[in-house]
1. May I ask you to verify whether residue 33 is in contact with a strand residue (DSSP E or B) (Cβ under 9 Å, 6 or more places away or on another chain), more than 22 Å from residue 109 (Cβ to Cβ), surrounded by 12 or more Cβ atoms within 10 Å (Cβ to Cβ) and at pLDDT below 95?
2. Mind checking which residues of the range 3-22 are under 24 Å from residue 99 (Cα atoms) and over 11 Å from the mean Cα position of the chain (by Cα)?
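The values are calculated or read from the model by the stated rules, or taken from the named source; none is laboratory data. Everything quoted here is computed from the prediction, not taken from an experiment. Cβ placement follows ideal geometry from the backbone for every residue including glycine, while neighbour counts extend to all protein chains displayed.
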(Lines give C-alpha, C1' and ligand atoms only; values in the text may rest on other atoms or scores of the structure.)
Protein backbone atom coordinates (compact mmCIF):
# COMPACT_ATOMS: atom_id res chain seq x y z
CA UNK A 1 0.00 0.00 0.00
CA UNK A 2 1.38 3.39 -0.93
CA UNK A 3 1.18 6.59 1.06
CA UNK A 4 -1.30 9.31 0.13
CA UNK A 5 -0.34 12.93 0.49
CA UNK A 6 -2.24 15.09 2.93
CA UNK A 7 -3.27 17.31 0.00
CA UNK A 8 -4.86 14.33 -1.76
CA UNK A 9 -6.62 13.22 1.43
CA UNK A 10 -7.92 16.76 2.00
CA UNK A 11 -9.72 16.61 -1.37
CA UNK A 12 -12.09 13.94 -0.01
CA UNK A 13 -15.43 15.21 1.26
CA UNK A 14 -16.18 12.70 4.04
CA UNK A 15 -19.48 13.31 5.82
CA UNK A 16 -22.19 11.90 8.06
CA UNK A 17 -25.31 10.65 6.24
CA UNK A 18 -28.43 8.62 7.02
CA UNK A 19 -29.76 5.78 4.90
CA UNK A 20 -33.38 6.79 4.32
CA UNK A 21 -34.56 4.21 1.77
CA UNK A 22 -33.39 0.96 0.22
CA UNK A 23 -34.63 -1.55 -2.30
CA UNK A 24 -33.30 -4.72 -3.87
CA UNK A 25 -32.05 -4.55 -7.45
CA UNK A 26 -33.63 -7.17 -9.66
CA UNK A 27 -31.09 -9.73 -10.80
CA UNK A 28 -28.35 -8.45 -8.47
CA UNK A 29 -27.45 -10.48 -5.40
CA UNK A 30 -24.58 -8.38 -4.05
CA UNK A 31 -25.80 -4.76 -4.28
CA UNK A 32 -28.76 -2.74 -3.00
CA UNK A 33 -30.14 0.56 -4.27
CA UNK A 34 -30.14 3.09 -1.45
CA UNK A 35 -30.99 6.71 -0.83
CA UNK A 36 -29.02 8.75 1.68
CA UNK A 37 -29.69 12.09 3.35
CA UNK A 38 -26.71 14.39 3.81
CA UNK A 39 -28.77 17.18 5.39
CA UNK A 40 -29.51 20.59 3.90
CA UNK A 41 -31.90 19.07 1.32
CA UNK A 42 -29.07 16.95 -0.16
CA UNK A 43 -30.42 13.46 -0.84
CA UNK A 44 -28.66 11.07 -3.20
CA UNK A 45 -29.01 7.63 -4.70
CA UNK A 46 -26.20 5.22 -3.89
CA UNK A 47 -25.28 1.63 -4.55
CA UNK A 48 -24.71 -0.27 -1.32
CA UNK A 49 -22.72 -3.50 -1.29
CA UNK A 50 -23.57 -6.44 0.92
CA UNK A 51 -26.99 -7.51 -0.34
CA UNK A 52 -25.99 -11.13 0.23
CA UNK A 53 -25.55 -10.36 3.96
CA UNK A 54 -28.20 -7.72 4.74
CA UNK A 55 -31.88 -7.26 4.01
CA UNK A 56 -32.46 -3.83 2.43
CA UNK A 57 -35.10 -2.84 5.01
CA UNK A 58 -32.77 -3.66 7.93
CA UNK A 59 -30.29 -0.90 7.05
CA UNK A 60 -32.78 1.95 6.69
CA UNK A 61 -32.18 4.48 9.47
CA UNK A 62 -28.47 3.75 9.93
CA UNK A 63 -26.26 6.81 10.27
CA UNK A 64 -23.17 6.14 8.20
CA UNK A 65 -19.98 7.77 6.94
CA UNK A 66 -19.75 8.51 3.21
CA UNK A 67 -17.40 10.01 0.68
CA UNK A 68 -19.66 12.61 -0.86
CA UNK A 69 -17.51 13.93 -3.70
CA UNK A 70 -16.60 10.84 -5.72
CA UNK A 71 -17.40 11.00 -9.40
CA UNK A 72 -20.81 9.39 -10.01
CA UNK A 73 -20.63 5.76 -11.09
CA UNK A 74 -23.35 3.85 -12.88
CA UNK A 75 -24.00 0.24 -11.89
CA UNK A 76 -27.02 -1.89 -12.75
CA UNK A 77 -28.52 1.14 -14.48
CA UNK A 78 -28.38 3.22 -11.28
CA UNK A 79 -26.11 6.22 -10.81
CA UNK A 80 -24.36 6.10 -7.44
CA UNK A 81 -23.53 9.58 -6.12
CA UNK A 82 -21.53 8.79 -2.96
CA UNK A 83 -19.75 5.85 -1.35
CA UNK A 84 -20.47 4.37 2.06
CA UNK A 85 -17.30 3.57 3.97
CA UNK A 86 -17.08 0.06 5.37
CA UNK A 87 -14.64 -2.33 6.95
CA UNK A 88 -14.23 -5.50 4.91
CA UNK A 89 -14.04 -8.74 6.88
CA UNK A 90 -13.99 -11.89 4.76
CA UNK A 91 -15.75 -9.99 1.94
CA UNK A 92 -18.58 -8.84 4.25
CA UNK A 93 -18.98 -5.06 4.59
CA UNK A 94 -19.41 -3.53 8.04
CA UNK A 95 -20.44 0.07 7.42
CA UNK A 96 -18.84 2.75 9.52
CA UNK A 97 -21.67 4.09 11.64
CA UNK A 98 -22.19 6.85 14.16
CA UNK A 99 -23.52 6.04 17.62
CA UNK A 100 -24.26 9.60 18.72
CA UNK A 101 -26.64 12.24 17.38
CA UNK A 102 -24.56 14.19 14.89
CA UNK A 103 -26.12 16.56 12.35
CA UNK A 104 -26.37 15.04 8.90
CA UNK A 105 -23.75 16.42 6.57
CA UNK A 106 -21.21 17.03 9.34
CA UNK A 107 -17.70 16.78 7.89
CA UNK A 108 -15.24 14.10 8.99
CA UNK A 109 -11.74 15.55 9.33
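1. So residue 33 does not fit the description; no.
2. 12, 13, 20, 21, 22, listed by residue number.
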